[in-house]
Amino acid sequence: MPRRRCGGALRATPWRPAPLRAWWDGGVDTIPDRVKVAVIGAGQAGLSVAYYLRRFELVADEDFVMLDRAPGPGGAWQHRWSSLRLGTAHKVNDLPGMGELGISFETADRTLPAKEVVADYYGRFEEHYRLNVHRPVDVRRISNDGVDLRIEYEDLSPQPAEELKSRGFFGRRRKTFEAAAPPPAPRGELHTQYLVNATGTWGSPFVPYYPGMGDFRGRHVHTSDFASAEDFRDEDVVVVGGGTSAIGFMLELEGVASGLTWVSRRPIDWLDRQELDLEGASAAVSRQDEAARAGRALPSVVSGTGVPKNRRIAAGIERGLLSAKPMFDRIEADRVVWSDGSEAKADAIIWATGFRPELRHLAPLKLREKAGGVTVGQGAAWHDPRIFLAGYGPQASTIGASRAGRMIARQIMAMI
């Protein structure tokens with residue numbers, strides 16, 4: 001594996017954002033036309049698979065290629081709000097091989113924004129193992145081409161980041177600018193024998209429907225759009241959801257919003273522990289695995305894991321802040337209303353209602369079942385052995401993604 005020596009001791013290669021230089025230079029580094037393996041997504045799952053491919057001595061841009069839609073390293077974490085810190089959300093486990101760089105999330109600086117720490121560590125990881133991630137590249141469509149798979153993509157780099165966001169670049173519900181349309185992004189295609197889809201869920205936010213949503217005069221804000229509590233100063237805010245994101249929003253908005261209401265579809269299952277370790281919640285992992293193997297839509301993770309009650313959360317419960325009401329019945333122009341006639345004023349509704357797997361680009365392959373999901377076992381699509389879904393279902397945690405990376409890489413190496 002690539003490493004450098006300094007005075008006889010191994011030293012991790014310091015990270016410099018090479019992919020971002022390509023962004024500002026106006027183009028992505030040349031993407032090969034044909035490879036044995038294509039990895040779509042450079043979050044925890046994609047990086048884990050790539051690490052094990054490198055362990056098997058495959059070379060980036062010769063044997064495999066990595067395409068990532070985001071502007072920089074960090075997976076979905078780079079899009080999260082700046083006030084979020086490590087330890088206040090789901091536990092972030094180390095990627096395989098991070099120890100060789102001398103870094104670990106266990107010892108990371110928790111005073112810094114989590115998005116910065118994860119982006120820094122993932123960036124170092126990419127450079128150290130010479131993964132040559134091509135970004136920002138948006139994979140639009142994957143289809144059959146004989147025995148190979150054809151990947152059609154857009155090079156998004158010539159356009160400024162703010163323009164990409166305005167066009168819904170990260171799958172968010174935004175209004176486009178009324179200005180003249182920007183020039184179309186350069187397109188390309190490559191062919192591969194095997195595909196590892198590691199696109200995660202961030203680009204596919206889920207908002208449930210409630211009567212009156214279209215009549216609401218305030219703002220609908222999903223977790224993926226949340227930037228700062230200051231955006232809601234002196235407003236009446238309703239937070240929807242029963243997971244760690246909803247709880248985090250309640251804690252941040254306290255003392256900022258003029259009114260706060262928390263609602264959840266189910267009662268909160270509080271856990272007497274400091275952090276949530278998804279691998280310890282075996283029942284939730286089993287439910288995800290069962291659904292993936294049956295081709296059903298994946299169930300909510302938090303419904304099977306509960307929410308850890310750390311000191312900050314415990315204090316919020318004690319002072320009455322973290323007390324969730326049942327879901328409202330409908331939405332009106334400036335409020336939400338329950339079936340018993342009670343109501344709460346609302347200038348904004350924050351939907352901390354989760355995400356769905358981002359699989360639209362796989363539609364031409366017809367992998368989705370009538371039950372709503374994709375049948376996946378041991379990381380592989382049961383209807384097409386050329387396709388692997390990393391980070392899907394029970395692999396969604398960082399430990400799960402690491403284990404899946406090894407499992408998927410071994411299966412690929414047995415076939416090429």
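Report the full-extension gain for the segment residue 233 to residue 327: residue separation times 0.36 nm, less the Cα-Cα distance, to one decimal in nm. Please report the intermediate quantities before stating the final value.
Details: separation 94, 0.36 × 94 = 33.84 nm, distance 2.39 nm.
Additional length available on full extension: 31.5 nm.
Which three numbers, in whole Å and largest first, are the semi-axes of the equivalent ellipsoid of the stretch 177-269 derived from its Cα gyration tensor as √(5λ)?
Details: eigenvalues 230, 86, 40 Å².
The equivalent ellipsoid of the stretch 177-269 has semi-axes of 34, 21, 14 Å.
Can you bin the stretch 26-88 into rounded, prolate or oblate? Criterion: square roots of the alpha carbon gyration tensor eigenvalues sorted a ≥ b ≥ c, rounded for a/c under 1.5, prolate for a/b above b/c, oblate for the rest.
Taking the square roots of the gyration eigenvalues as a ≥ b ≥ c, the stretch 26-88 is oblate.
Counting only Cα atoms, I'd like the Rg/Rh figure for the stretch 342-396, Kirkwood definition for Rh. Could you put the intermediate results ahead of the total?
Working: Rg = 16.8 Å, Rh = 13.8 Å.
With Rh from the inverse mean 1/r over Cα pairs, Rg/Rh is 1.22.
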Q) Could you give the length gained on full extension between residue 345 and residue 272, defined as 0.36 nm per residue of separation minus the Cα-Cα distance, in nm? A) 23.0 nm
Q.
Using only the alpha-carbon atoms of the stretch 104-158 as identical scatterers, what base-10 log of I(q)/I(0) does the Debye formula give at q = 0.12, 0.13, 0.21, 0.24 Å⁻¹?
A. -0.50, -0.56, -0.88, -0.95
Q | Spacing of the two label points (7 Å from each Cα toward its C-beta) at residue 145 and residue 130, in nm | A | 2.7 nm
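Would you mind getting me the FRET efficiency between residue 63 and residue 356? Use the beta-carbon distance for r and R0 = 41 Å, nearest 0.05. It would help to have the intermediate numbers written out before the result.
On the way: r = 32 Å, r/R0 = 0.77.
That pair, residue 63 with residue 356, gives E of 0.80.
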Q: Return the distance in nm (one decimal) between the two label points of a simple spin-label model at residue 215 and residue 371, each offset 7 Å from Cα along Cα→Cβ.
A: 3.9 nm
Q: Treat each spin label as a single point 7 Å out from the Cα along the C-beta direction, and report the residue 382 to residue 107 distance in nm.
A: 4.4 nm
Q: Could you work out the equivalent-ellipsoid semi-axes for the stretch 23-146, taking the square root of 5 times each eigenvalue of the Cα gyration tensor, largest first, in whole Å?
A: 27, 17, 13
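On average, how much accessible surface per residue is there in the stretch 72-130, in Å², for a 1.4 Å probe, leaving out ligands, DNA and RNA? Walk me through the numbers on the way to the answer.
On the way: 2230 Å² over 59 residues.
Computed with neighbouring chains in place, this is 38 Å² per residue.
Among 255-265, 192-202, what's the highest-first ranking by average C-beta atoms within 10 angstrom per residue? Each step should come with its number before you reach the end.
Details: 255-265: 17.5, 192-202: 24.2.
Per-residue Cβ counts within 10 Å, averaged per peptide and sorted highest first, yield 192-202, 255-265.
The values are calculated or read from the model by the stated rules, or taken from the named source; none is laboratory data. What you see is a predicted model, and the numbers here were worked out from it, not measured in a lab. Using ideal geometry, Cβ is built from the backbone for each residue, glycine included, and neighbour counts are taken over all protein chains shown. Side chains are part of the model used for accessible areas, which takes the heavy atoms of the whole protein and leaves out ligands, DNA and RNA. Shrake-Rupley method; radii C 1.70, N 1.55, O 1.52, S 1.80 Å.
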